[in-house]
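Have a look at the structure below before the remarks.
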């Protein structure tokens, strides 16, 4: 038996779900931002401290569960990575508290060939009018109990190959990426100089990335002095003061160093920490970079030259 | 789930000038730490910053911070008085590998405000004096006023050879003048049986490493305590990353060969 | 950490539109809260009280356009512990600095005839005349960002700018990137914290919050040169930065 959902019933389903959950219908083409901001907010108050009473309050999250509806596989994969980053080796309380109070429903417009590891329910397109429902968690099973889901013995199952994306394919080979990016720095590959000349250092790549998670913390004092708030906000490692210490020393004074660090984190440090490159090939940084830096071209160039160096005679 | 970002309040038991720009904050709390580890100390409204405790790890009643007036947090700390509360979380990171140090000669090198973890280590070594061979502490300050261990030197000298030097002497200064690196001439060093611990400005560390290498002390026997911008303390925020390491999780104490190839 | 003695604050304005002071008045409750915590001893636009003794903080809006205003600025500097520029006229020269001497002379000739000798001076940032301790940029300033800086100031915190450019708040507002649409914009190199207000209103960013420290101006010029004429680019940069030392692309 296959659990199916009629495509035409999707709006009714989300409406029904919104009686129980805070439903966000995520439409990738309508925003530059990924869903990470629902769990790691662009700017949030973590603590408030009241000077008169000396009471500390930890910011609470809403009681109602958040349901993110409509993520594609790349975004689900990215969220899975972010979950791991925020759990290991230490737990990030504020991220996980929100994340554990949420449900993820993926809507995949092509046939799924690999098991999906993150999310609660995946809706996979099987024919022009129907999706197959695969629940991954108890919460997902609960959703499937909804009247819009039907059990069918032999629904028509067509094959929809995933749209080919070079970047997504590149991103899969995390071992090669780790080696190539590392090599490109050790050998002082000219690409870093080239990127330094064209990168605006605006940080958009990090803001739109579904996995980038650098942040800073900052305290604010209410202008009447009654309370202080400890806030955290998205930072970006290409920004000027990212590595500047209180005494004034900047450990990455040149944009070249900072740009390389962005790559190094994504493709080398991440690989050593989590056996993955922190890129799922979603293409956002490629699409929204105002300097039109194309990560796919950059990675291809690095890999090409790395592989050339391997086949070149030594000495 | 534990909220690792939530700090604990601690009371200031004593606050006094150690030098014109550095204050000692004695905090009334038992802190279980290994010398070299750090805490994030903060003040609501001003933020948090990393500090390596300077007191003995055996001290059960309190722990000490040495605070140089520099950023927002340290400036705010300077304006506090006895009885005020600050916050602390941690300790974080890895301290000095004390077991590895056992049975060896110890050479500690420190400059300027790099002294706190070295001071704490010195207290540990003195308490376990029979476990170690010769112990040297070479410490350089910009001028005699900036020597932060004036009160400790006499006590320490009984068990440890303390060598002090300043860059710019005052008329009443009777001690050495010059860089810390020059103090090595006054030490008896057996390169095969010595571990070196350094905490101080980058140029000092780099210059010292060259000298140590020339006398046969390998990078594997050199341990340094690194300084970086820190925000979360738990390996998330990315500010303290260097190469494949995080100073907050993998450091702040590193084997010199672990990080000298890093680009940042 | 409360200040037992209230800081004495004076707010002065030279030639300008007074829009930044309007922005301050717009802070409403926050302004009242501020006035509880500091002693506003001089503010022409806001109160009758006008003392001329020492100031802990002097806020200066606008920039001198006559020799008399320059003298007054110097006097205020001498009386003040901290001198803070308020708004882009004060911090960068801003709008009044678009026009320079030669151009002004042409207008004098046209309006008053060739006999007329103007007494006005070129609009320059305050820093051309006296030492400035901090700049609160903006045309006009952002009330909220100014309130944050005031709060840091009265609590003895080191003053700083946000480390992000205008792009951060522009992206959060889900606005399409003008540069990708081949329209000029200074957002990526401009100091953020304005709330991307111009972009939200459909305009470009002209960088009224100043050019961000360490900004890659050259990279932006390369992009602009692909689709904009030199004159157009000049217009964007000269809107607020004509006489600013923070920026020099020529």
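Screening the candidates C:72, C:34, C:9, C:86 for the property of being surrounded by 14 or more Cβ atoms within 10 Å (Cβ to Cβ), modelled with pLDDT of 95 or more and within 14 Å of another protein chain (Cβ to nearest Cβ) yields one hit, C:9. Could you look through region A:158-202, keep only residues that are assigned to a loop (DSSP other than H, G, I, E, B) and within 21 Å of the chain's Cα centre (by Cα), and pick out the one that is nearest to residue A:36 (Cα to Cα)? So the residue we want is A:202. Looking for something assigned to a loop (DSSP other than H, G, I, E, B), within 20 Å of the chain's Cα centre (by Cα) and farther than 13 Å from residue A:72 by Cα - is there at least one such residue anywhere in region A:107-116? Yes, region A:107-116 contains at least one residue that is assigned to a loop (DSSP other than H, G, I, E, B), within 20 Å of the chain's Cα centre (by Cα) and farther than 13 Å from residue A:72 by Cα.
Restricting the search to strands (runs of 3 or more DSSP E) fully inside region A:1-92 and requiring at least 1 residues that are under 15 Å from the mean Cα position of the chain (by Cα) gives A:66-71. Applying the criterion of at least 2 residues that are under 19 Å from residue C:145 (Cβ atoms) and under 17 Å from the mean Cα position of the chain (by Cα) to the helices (runs of 4 or more DSSP H) found wholly in region C:1-106 leaves C:19-25, C:88-92. Would you check which residues across region B:212-244 are under 18 Å from residue A:260 (Cα atoms) and out of contact with any strand residue (DSSP E or B) (no Cβ under 7 Å at 6 or more places or on another chain) and list them? Listed by number, the residues that qualify are B:238, B:239, B:241, B:242, B:243, B:244. Scanning region B:31-64 for residues that are touching a residue at least 40 places away in the same chain (Cβ under 8 Å), within 14 Å of the chain's Cα centre (by Cα) and surrounded by 24 or more Cβ atoms within 10 Å (Cβ to Cβ) yields B:35, B:36, B:37, B:38, B:39, B:50, B:51, B:52, B:53, B:54. Within region C:147-173, being in a helix (DSSP H, G or I), touching a helix residue (DSSP H, G or I) at 6+ places or on another chain (Cβ under 7 Å) and in contact (Cβ under 8 Å) with a residue 40 or more places away in the chain holds for C:147, C:150, C:154, C:166.
Listed here are the residues, each with its yes/no results for (1) exposed (fewer than 14 other Cβ atoms within 10 Å of the Cβ); (2) assigned to a strand (DSSP E or B).
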position	(1), (2)
B:137	no, yes
B:140	no, yes
B:162	no, yes
B:165	no, yes
B:170	yes, no
B:182	no, no
B:189	no, no
B:195	no, yes
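Checked against the criterion of being within 14 Å of chain B (Cβ to nearest Cβ) and in contact with a strand residue (DSSP E or B) (Cβ under 7 Å, 6 or more places away or on another chain), region A:58-72 contains one or more residues that satisfy it. When residue C:119 is tested against (1) modelled with pLDDT of 95 or more; (2) closer than 29 Å to residue C:64 by Cα, exactly one condition is not met: (1). Checking each residue of region A:161-184 against the condition of being over 19 Å from residue A:66 (Cα atoms), touching a strand residue (DSSP E or B) at 6+ places or on another chain (Cβ under 7 Å), surrounded by fewer than 18 Cβ atoms within 10 Å (Cβ to Cβ) and outside the structural domain of residue A:296 (by TED's automatic domain parsing) gives no match. Considering C:176, C:184, the condition of being closer than 30 Å to residue C:227 by Cβ and out of contact with any helix residue (DSSP H, G or I) (no Cβ under 6 Å at 6 or more places or on another chain) is satisfied by C:176 alone.
Residue count for region C:163-184, restricted to those that are on the phi < 0 side of the Ramachandran plot and either at pLDDT below 95 or at the interface with chain A (Cβ under 8 Å from one of its Cβ atoms) (or both): 10. Per the listing C:96, C:64, the residue uniquely over 24 Å from residue C:160 (Cβ atoms) and buried (at least 24 other Cβ atoms within 10 Å of the Cβ) is C:64. In the set (1) out of contact with any helix residue (DSSP H, G or I) (no Cβ under 8 Å at 6 or more places or on another chain); (2) surrounded by 14 or more Cβ atoms within 10 Å (Cβ to Cβ); (3) farther than 30 Å from residue A:269 by Cα, the condition left unmet by residue B:178 is number (2). Residue B:21 meets each of the listed conditions (1) modelled with pLDDT of 95 or more; (2) away from chain A (no Cβ under 11 Å); (3) touching a strand residue (DSSP E or B) at 6+ places or on another chain (Cβ under 9 Å) apart from (1). Total residues in region A:203-233 satisfying the condition of being within 19 Å of residue C:177 (Cα to Cα), more than 7 Å from every other protein chain (Cβ to nearest Cβ) and outside any helix (DSSP H, G or I): the figure is 2.
On inspection, residue A:134 passes the criterion of being more than 22 Å from residue A:278 (Cβ to Cβ) and either touching a helix residue (DSSP H, G or I) at 6+ places or on another chain (Cβ under 9 Å) or without any contact (Cβ under 8 Å) to a residue 12 or more places away in the chain (or both). For region C:116-144, filtering for residues that are buried (at least 21 other Cβ atoms within 10 Å of the Cβ) and within 14 Å of chain A (Cβ to nearest Cβ) leaves 0. Can you name the residue in region A:210-221 that is touching a helix residue (DSSP H, G or I) at 6+ places or on another chain (Cβ under 9 Å) and under 28 Å from residue C:31 (Cβ atoms) and, of all such residues, is surrounded by the fewest Cβ atoms within 10 Å (Cβ to Cβ)? Applying the filter and picking the extreme gives A:220.
Of all the numbered requirements in (1) surrounded by fewer than 23 Cβ atoms within 10 Å (Cβ to Cβ); (2) touching a residue at least 24 places away in the same chain (Cβ under 8 Å); (3) in contact with a helix residue (DSSP H, G or I) (Cβ under 8 Å, 6 or more places away or on another chain), residue A:224 misses one, and that requirement is (2).
The values are calculated or read from the model by the stated rules, or taken from the named source; none is laboratory data. As the structure is a prediction and not an experimental result, all values here were calculated from the model. Positions of Cβ are backbone-derived with ideal geometry, glycine not excepted, and every protein chain shown enters the neighbour counts.
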